[in-house]
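Notes follow once the structure below has been shown.
Quick note: the coordinates plus some simple rules give every number you see, no bench work behind them. Computed from a predicted structure; not experimentally measured. Reconstructed Cβ throughout: ideal geometry from the backbone, glycine too, with neighbour counts over all protein chains shown.
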Amino acid sequence: MVVWPQLAFATPRKLPKAHELRGRVVVVDIAFASEASSGGFLKITKPFIEGLGDRLAAWVDHHDHDLHVDYAGDSRFVLATKAQHGACPEMVTPALVARIGAIDTIVCHTDFDGLCSAAKWINGGNEPYPGADDDARAIDTRIGEPSAIGRRFDRAIRARPRDVALLGLMVRHLASGLSDTSLWKTIDDAGAALVALEASAREHARDYRVSAVQGHPWRSIALLKVPPGSTFDRTLLLLLGQERADIAILVDRDNMTLAAPFDSKVNFLSLLSISGGMPTLVSLPAHRLCETLLTLGVESPQLAMASTEPT
């Protein structure tokens, strides 16, 4: 009999309040916050860990962070780098779940990687369906193609990433081994909304401006600023930028996102002195754009920035 824990959905920058979580807590696929987040580890992650205290049963994650070493002696923390594990579900094993024992709450990231990790934990460390781990790796790294099942989940999440009810339904569907086929309608209806967002992303992608770079492993950078209030599929828009250049930079209001292929060996964390996150996908305040372009080798960053101003 499956015992359903409480679910809490989170991101590295926005964690739930520790006192609102029930009993023993497992955290999966949540990176330690870096200084790129408002407040970073000391103001976001560490207070959450300390707030849970002995109620924190396990923290399982596969994002790089300089402070992983501080928790190497604590068996509750099962931490790896993105290079070691492309996705988090493969780290959730029957042996780990058995070692941790009974838990009351799972805090997970709001992407397929996180939802699948939560569902695996509920299932005692077993895949929700054959190939789920592979799907999570393909979706999280954007290397290879996920199965048709993985795509259905991924499209729904990308269309409605903040819909907590939908996220909960998907964990339930996964943890139940996809047994309730009626749940697919809600998931597929959500995924259908992605079509318009993808079309918008393709329209915006026409405005990428490419700058050549010399003296670095990457040879070009595609930069795009989108007008305030724009709606689009961010994942697709960044991938389209990477089709035009080795690195894509997307500026949206007060934030910018830098992306490179997972297998590119680009490491934004070391290049930009960021303590943690994904080496090939980082978000920073937009006011750092000029210095970032200089660091990446763009000789005329002001010109590159001016050429992308939304009209």
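Per-structure values
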item: Local electrostatic count at residue 55 - Lys and Arg +1, Asp and Glu -1, tallied over other residues with Cβ under 10 Å; result: 0
item: Efficiency of FRET between residue 35 and residue 104 - r from beta-carbon atoms, R0 35 angstrom, step 0.05; result: 0.65
item: Most fluctuating residue given options 106, 149, 30, as computed from a GNM of the chain linking Cα atoms under 10 Å; result: 149
item: Convex hull per residue volume in Å³, alpha carbons only, for the chain; result: 128
item: Efficiency of FRET between residue 95 and residue 72 - r from beta-carbon atoms, R0 25 angstrom, step 0.05; result: 0.85
item: Highest-fluctuation residue, 144, 23, 177 considered, GNM on the chain with Cα pairs under 10 Å; result: 144
item: Sparse-neighbourhood loop sites, trypsin sites (Lys or Arg not before Pro) in region 229-285 - DSSP loop, at most 16 other Cβ within 10 angstrom; result: 253, 265
item: Segment residue 179-residue 20, extension gain: residue separation times 0.36 nm, minus the distance between their alpha carbons; result: 54.1 nm
item: Given charges at beta-carbon only (K, R positive; D, E negative), |dipole| of region 198-306 in Debye; result: 100
item: Distance-filtered residues of region 234-264 - backbone nitrogen under 12 Å, label point 7 angstrom along residue 220 Cα→Cβ; result: 241-248
item: Residue-averaged 222 nm ellipticity for the chain, from DSSP H runs of 4+ at -39500 (n - 2.57), nearest 500; result: -10000 deg cm²/dmol
item: Karplus 3J(HN,Hα) series, Hz, for region 250-263 with 6.51 cos²θ - 1.76 cosθ + 1.60 (x for Gly, Pro); result: 10, 9, 10, 6, 9, 10, 9, 10, 10, 9, 9, x, 4, 9
item: Farthest positive-ward along the chain dipole, Cα basis, beta-carbon charges - from 178, 148, 129; result: 178
item: Within-14-Å neighbourhood charge of residue 257 [Cβ basis; K, R +1; D, E -1]; result: +3
item: 121, 184 arranged by Cβ crowding within 10 Å, fewest neighbours leading; result: 184, 121
item: The chain: most fluctuating residue of 68, 204, 216 per GNM, C-alpha cutoff 10 Å; result: 216
item: Charge dipole (debye, nearest 20) of the chain; +1 at Cβ of Lys and Arg, -1 at Cβ of Asp and Glu; result: 420
item: Percent of beta bridges antiparallel (DSSP, the chain, rounded to nearest 5); result: 45
